[in-house]
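So the structure is just underneath, and the comments pick up after that.
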Amino acid sequence: LPLCFPQKLWKMLESGQFQSIWWSEGGKCVAINEELFKEEVLGREGPQRVFSTQRIKSVIRQLNLYGFTKMQRDDLRSASLPEFLAEEAAVSVHSQILYYYNPCFNRAHPRLLETCMRR
């Protein structure tokens with residue numbers, strides 16, 4: 001069976017294969033480097049393709065449909081120093097980082113993933 005959107009997202013985050021998307025805020029938020037994500041994930045072709053779309057707006061729409069809410073940069077401060085420094089470095093090179101939160105999408109509680117339903 002094909003994976004639903006939250007499952008694909010989780011698999012991407014846990015794979016360590018992508019530089020453009022990572023767990024933020026101690027595994028409670030998803031951080032996306034928008035420009036790198038467009039190139040690294042949405043630019044894939046053929047069997048390497050992750051999503052059926054090549055548009056970031058479609059991915060954001062899926063996030064919204066599954067109950068993710070966009071967080072402001074000021075609301076987030078990483079608990080771990082390496083994560084904080086990585087985020088600050090990314091911001092300093094003028095990358096646009098998008099942060100999304102969903103109470104059912106938490107790295108420490110993978111069983112909650114099955115409750116992450118489309119609205």
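What strands (runs of 3 or more DSSP E) lie completely within the range 1-77 and have 2 or more residues being of a type in the set (Val, Ile, Thr)? Spell out how you get there, then give the answer.
Working: elements: 21-24, 29-33, 69-71.
Ranges flagged: 29-33.
Which one is nearest to the chain's Cα centre (by Cα), of the residues in the range 83-119 that are modelled with pLDDT of 75 or more and open to solvent by 100 Å² or more (accessible area, probe 1.4 Å)? Steps first, please.
Start the filter on the range 83-119 by keeping residues that are modelled with pLDDT of 75 or more, which leaves 96-119.
Next cut, open to solvent by 100 Å² or more (accessible area, probe 1.4 Å) only: 107, 111, 114, 117-119.
Details: 107: 12, 111: 18, 114: 17, 117: 16, 118: 16, 119: 19 Å.
Among those that are modelled with pLDDT of 75 or more and open to solvent by 100 Å² or more (accessible area, probe 1.4 Å), it is 107.
Suppose we filter 62, 72 for residues that are of a type in the set (S, T, N, Q) and at pLDDT 95 or above; which single one remains? Even if it seems obvious, please write down each step before you answer.
Details: 72 fails: at pLDDT 95 or above.
The match here is 62.
Would you confirm whether any residue within the range 20-42 is more than 15 Å from residue 99 (Cα to Cα) and surrounded by 17 or more Cβ atoms within 10 Å (Cβ to Cβ)? Please lay out each step first, then the result.
So the first thing to find is which residues in the range 20-42 are more than 15 Å from residue 99 (Cα to Cα), and the list is 38-42.
Restricting the remaining residues to those that are surrounded by 17 or more Cβ atoms within 10 Å (Cβ to Cβ) gives 41-42.
Yes: the range 20-42 contains one or more residues that are more than 15 Å from residue 99 (Cα to Cα) and surrounded by 17 or more Cβ atoms within 10 Å (Cβ to Cβ).
I'd like to verify a number: residues in the range 23-42 that are touching a Phe, Trp or Tyr at 6+ places or on another chain (Cβ under 9 Å) and at negative phi, how many?
Start the filter on the range 23-42 by keeping residues that are touching a Phe, Trp or Tyr at 6+ places or on another chain (Cβ under 9 Å), which leaves 24-25, 28-33, 36-37, 40-42.
Restricting the remaining residues to those that are at negative phi gives 24, 28-33, 36-37, 40-42.
Of the residues in that region, 12 qualify.
The values are calculated or read from the model by the stated rules, or taken from the named source; none is laboratory data. What you see is a predicted model, and the numbers here were worked out from it, not measured in a lab. Note that we place each Cβ from the backbone using ideal geometry, even for glycine, and neighbour counts take in every protein chain shown. What goes into the accessible areas is simple: the full protein's heavy atoms, side chains included, and nothing from ligands, DNA or RNA. Shrake-Rupley method; radii C 1.70, N 1.55, O 1.52, S 1.80 Å.
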